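Take a look at the structure set out below.
The values are calculated or read from the model by the stated rules, or taken from the named source; none is laboratory data. Keep in mind the model is a prediction, meaning the values are calculated, not measured. Note that each Cβ is placed from the backbone with ideal geometry, even for glycine, and that neighbours are counted across all protein chains shown.
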Amino acid sequence: MELHDGLEGVVAASTSLSHVDGDRGRLILRGYDLEELAGSYSFEAAAALFWQGLAEKQVSESSVRERLGQARVIAWKRAVSMMDTAKTMAPVEGLRFLLASLVDAEPFPHYLLTTAAMAVFTASVLRARAGQAPVEPDPDRPHAEDFLHMLTGGAPFREHVKALETYLVTVSDHGLNASTFAARVIASTQAGTISAVMGGLCALKGPLHGGAPGPVLDTLDEIGTADRAESYLREKVRAGDRLMGFGHRVYRVRDPRADVLKNAVVQLREGKNRIRFAEQVEQAALRVLAEMKPGRRLDTNVEFYTALLLDAIGLARESFAPVFAMGRVVGWTAHILEQEKSGRLIRPQSRYVGPMPEERRAVAG
Ligand code: ACO
């Protein structure tokens with residue numbers, strides 16, 4: 001049996017949801033190029049596109065808007081009594097804790113409930129950690145706007161809502177990435193949507209996946225000025241560290257999501273201030289990686305400009321992984337529904353490299 005380390009190059013599922021063309025730097029979501037959806041589709045319209053035909057035969061933007069609003073209210077009622085514990089944890093752990101409290105017997109459709117819960121729990125944990133009273137969801141607001149409203153307690157700026165929505169749609173799905181694969185594995189055992197979404201979140205929080213953007217900002221802060229970028233980054237790679245926001249398992253060219261998000265950042269007043277410096281750091285990183293990791297074809301990934309975008313709309317870096325989950329939950333739930341409809345139990349094999357009992361007995365004498 002051939003071993004594929006990290007399952008690299010292994011095709012483990014058929015999907016009608018998304019396709020990552022790593023050689024051409026193209027991302028196709030439900031038959032659309034990413035660039036056609038991001039910036040034009042609302043969060044609800046993109047979610048309807050993913051859930052259409054899987055959750056129900058007909059799913060419209062307006063029905064998603066209405067039912068996500070109802071689901072946010074249900075999620076809020078579940079969360080409110082647990083905030084004293086959740087607020088003692090890092091936001092992504094608080095989110096994990098609150099998600100774990102949802103029960104399989106919950107009568108509301110789980111793909112909607114988990115999607116709603118991601119926004120409600122994230123906003124509630126962040127406010128509670130800041131010592132602020134929770135803000136109830138407003139079911140009549142669109143999902144992204146209501147998240148910023150629950151987070152700040154005020155009416156969010158239109159440009160911030162638009163940028164956040166562009167981000168959430170951009171990261172909604174991405175082939176069989178680690179968290180989606182984790183979710184599909186769990187769904188394949190018929191453990192249910194809530195457990196599968198939890199598994200996705202647990203895989204997402206790692207710094208090699210969704211936990212990278214916070215460290216991207218830390219790196220920019222540590223570099224400070226563009227003239228220090230190259231020597232700083234060279235030293236990091238020499239020490240064996242990874243440059244956060246660069247490299248990808250599938251893309252051998254620039255991640256198309258990086259440009260979509262960069263364009264969204266430059267539309268923001270707050271983003272304009274930092275973009276020039278970030279571009280200089282990015283160029284320095286690409287030079288360093290080409291020189292010190294020749295032949296690996298390491299380029300900018302989605303997380304570099306994610307960091308700038310989420311920072312520009314005023315989100316704290318500790319919220320970046322939970323906010324990523326708010327977008328990616330659309331893909332997770334669609335993959336879970338698809339897996340439940342058409343997939344088999346996912347059960348690969350391992351290669352045993354431990355001792356055989358005969359060898360062990362021989363050594364023991
Ligand atoms: N910085 C420095 N070197 C890198 C980087 C990086 N960002 N990425 C890969 N490399 C090097 C590795 O050290 C390795 O070098 P070696 O051959 O000398 O040992 C070589 O490139 C190949 O690396 P692998 O670990 O085989 O690459 P893999 O496909 O497993 O990794 C990953 C992909 C995890 C994304 C990696 O590029 C990385 O760690 N990037 C930084 C973290 C990051 O930005 N994560 C977000 C990814 S996007 C997302 O998940 C939403």
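Conditions (1) closer than 21 Å to Glu8 by Cα; (2) of a type outside the set (Phe, Trp, Tyr); (3) at pLDDT 95 or above, marked per residue:
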{"site": "Ala229", "(1), (2), (3)": "no, yes, yes"}
{"site": "Gly247", "(1), (2), (3)": "yes, yes, yes"}
{"site": "Arg252", "(1), (2), (3)": "yes, yes, no"}
{"site": "Leu261", "(1), (2), (3)": "no, yes, yes"}
{"site": "Leu286", "(1), (2), (3)": "no, yes, yes"}
{"site": "Ala290", "(1), (2), (3)": "no, yes, yes"}
Mind telling me which of the residues Glu165, Glu159, Glu136 ends up being away from the ligand (no atom under 12 Å from the Cβ) and either assigned to a loop (DSSP other than H, G, I, E, B) or aromatic (Phe, Trp, Tyr) (or both)?
Glu136
Contact list please: Cβ distance under 6 Å, first residue in region 254-269 and in contact (Cβ under 8 Å) with a residue 40 or more places away in the chain and of a type in the set (Lys, Arg), second residue in a helix (DSSP H, G or I) and buried (at least 19 other Cβ atoms within 10 Å of the Cβ), pairs at least six apart or on different chains.
Arg257/Thr170; Arg257/Val302; Lys262/Tyr305
Just one listed residue, out of Ala79, Ala46, is under 23 Å from the mean Cα position of the chain (by Cα), part of a helix (DSSP H, G or I) and either surrounded by fewer than 18 Cβ atoms within 10 Å (Cβ to Cβ) or at pLDDT 95 or above (or both), and it is Ala46
Go through region 168-202 residue by residue and tally those that are buried (at least 20 other Cβ atoms within 10 Å of the Cβ), part of a helix (DSSP H, G or I) and either within 12 Å of the ligand (Cβ to nearest atom) or acidic (Asp, Glu) (or both).
3
When the residues of region 203-228 are narrowed to those that are in contact (Cβ under 8 Å) with a residue 40 or more places away in the chain and either aromatic (Phe, Trp, Tyr) or over 28 Å from Arg287 (Cα atoms) (or both), which ends up nearest to the ligand (Cβ to nearest atom)?
Leu204
Tell me, please, whether a residue that is surrounded by 16 or more Cβ atoms within 10 Å (Cβ to Cβ), on the phi > 0 side of the Ramachandran plot, in the same structural domain as Gly331 (by TED's automatic domain parsing) and within 22 Å of the chain's Cα centre (by Cα) can be found in region 53-63.
no
When region 275-307 is checked residue by residue, the ones that are more than 12 Å from the ligand (Cβ to nearest atom) and touching a residue at least 60 places away in the same chain (Cβ under 8 Å) are Val281
Residue that is farthest from Val329 (Cα to Cα), among those in region 82-130 that are of a type in the set (S, T, N, Q) and surrounded by 24 or more Cβ atoms within 10 Å (Cβ to Cβ):
Ser124
Quick check on region 236-260: of everything there that is more than 10 Å from the ligand (Cβ to nearest atom) and surrounded by fewer than 20 Cβ atoms within 10 Å (Cβ to Cβ), which residue is nearest to Tyr167 (Cα to Cα)?
Asp259
On the given criteria, is Val92 of a type in the set (A, V, I, L, M, F, W, C), assigned to a helix (DSSP H, G or I) and farther than 25 Å from Gly211 by Cα?
no
Quickly run through region 312-365 and pick out the residues that are of a type in the set (D, E, K, R), more than 21 Å from Met198 (Cα to Cα) and in a loop (DSSP other than H, G, I, E, B).
Arg351
